[in-house]
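Contents: one structure, followed by commentary.
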Amino acid sequence: MHSVSDWMTCHECDALHEVIELPVNGKAECSQCGSELYRQVNHSLDKVLVFSLTALLLFVLSHLFPFLSMKMGERIEENVLVSATLELLNQGFPELAVLVFLTSILFPFLVIAGLLYVVLPLIFDRHFESTFTVFRWVKKLFPWSLVGVFMLGVLVAIVKLMDLATVIPGPSLFFMAGLLVTMVAAQASLDERLIWHRVSEHSRVKGDEHHPVKHGLTSCGSCHLVLHNDQYENCPRCGEKLSLRKTDSLSRTWALLFTAALLYIPANIYPIMTVTQFGRGNPDTIMSGVVHLIEAQLWGLALLVFFASIMVPVLKLLVMAYLLISIQFKSCWRPKDRTLLFRVTEVVGAWSMIDIFLIGILISLVKLDAFATIEAGPGATFFAAVVVITLFAAHSFDSRLIWDNCRTPHE
Ligand SMILES: [Zn+2]
Ligand SMILES: [Zn+2]
């Protein structure tokens, strides 16, 4: 199906590669920067279909049963998956409610539904006009669907509540865990080329296929179709807007980093939540939350929260600033390592959301009036803004700029 004259460019360093057949379960990596280009999965479409259908079933089930219950004396407080969103709304934090709802419920659902919409007809060798647009959006939403981070937030919440009350996991918790596994499996089984190559007339560079012009080629940021620069405004295969590099990448990323750095200050000064026990309120900032975990000798959790809420955002801001400066000074120093640095930063960035999910879960469970209540604080909003803005900053950063300084004029 794939002709030998298929070409693709690496999405991270822009190196041009000839697409070759791989052995089963093989993976093609970029020879220049080491990022994964494509993979060969046996029965890819069937696997994605099975995992997506299972995920859809688990998604529905996870909304039908209790998620967590907390028992304190005679009282039992039960919550469902959507309780975190509702309680955030109830306590006057609509922006956090929307963020938690989107990343833990709506986006995962859209990713599963989108995959089914794309894969199901393809199994019968058909596709819709909108198949490629939908798949493009599935790819965009994947990094924002944070079921794994949410589950880690749940874990932290359970351990934190253990000395306050008995926490009983509900059936939904297990369905959600299954959902996480099947979503990861669906993504791992996906051989993207099987989908993009359905529109065969767009699967290769037009022109002399044996000697592709290395200058004046642009590649689609979404489906990696290689085209001549001035041929199209939008990708003819998937509809993504084409540009040689992300628009205003440097100035946009700088602006987002500055905003995030500024917001990081109030995020640490204001309390992210207040625990009221027997009428006494204890406001917690991000840092004092970590200190409390250390005092309770929960070293593992303290380390986890410290890493996710303090180390990751600070390191991300510093690393991104360094990368931007290195590009502006036209540095050609170890481009491969700098690309790897960016890739790692991009992946770990979303883990900072743990604290936001944790707050949502805690406030929806601990509503025991006089005994104990937990309320969200303004610091949480600032912190969520930092996480979201740094995610956008990573998104607007174009790692190919790292490599642009290292090319010889004749390459
Ligand atoms: Zn590369
Ligand atoms: Zn495209």
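A compact table of results
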item	result
Matching residues in the range 193-211 - criterion: being modelled with pLDDT of 50 or more and surrounded by 17 or more Cβ atoms within 10 Å (Cβ to Cβ)	Arg193, Leu194, Ile195, Trp196, His197, Arg198
Qualifying residue in the range 167-189 (condition: more than 19 Å from the chain's Cα centre (by Cα), outside the structural domain of Leu362 (by TED's automatic domain parsing), among the small types (Gly, Ala, Ser) and at pLDDT 90 or above)	yes
Set Glu29, Glu18: member being within 16 Å of ligand 1 (Cβ to nearest atom) and in contact with a Pro (Cβ under 9 Å, 6 or more places away or on another chain)	Glu18
Subset of the range 276-297 (residues that are touching a His at 6+ places or on another chain (Cβ under 9 Å) and aliphatic (A, V, I, L, M))	none
The lone exception for Phe93 - which of (1) under 16 Å from the mean Cα position of the chain (by Cα); (2) under 28 Å from Pro378 (Cα atoms); (3) aromatic (Phe, Trp, Tyr) it fails	(1)
Scan of the range 34-47 for residues that are assigned to a helix (DSSP H, G or I) and either surrounded by fewer than 18 Cβ atoms within 10 Å (Cβ to Cβ) or at pLDDT 95 or above (or both), ordered by number	Asp46, Lys47
Residues of the range 48-83 satisfying the condition of being surrounded by fewer than 21 Cβ atoms within 10 Å (Cβ to Cβ) and part of a helix (DSSP H, G or I)	Leu49, Val50, Leu53, Thr54, Leu56, Leu57, Val60, Leu61
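The values are calculated or read from the model by the stated rules, or taken from the named source; none is laboratory data. Everything numeric in this text was worked out from a predicted model, so none of it was measured. Heads up, the Cβs are rebuilt from the backbone with ideal geometry, glycines too, and the neighbour counts pull from every protein chain shown.
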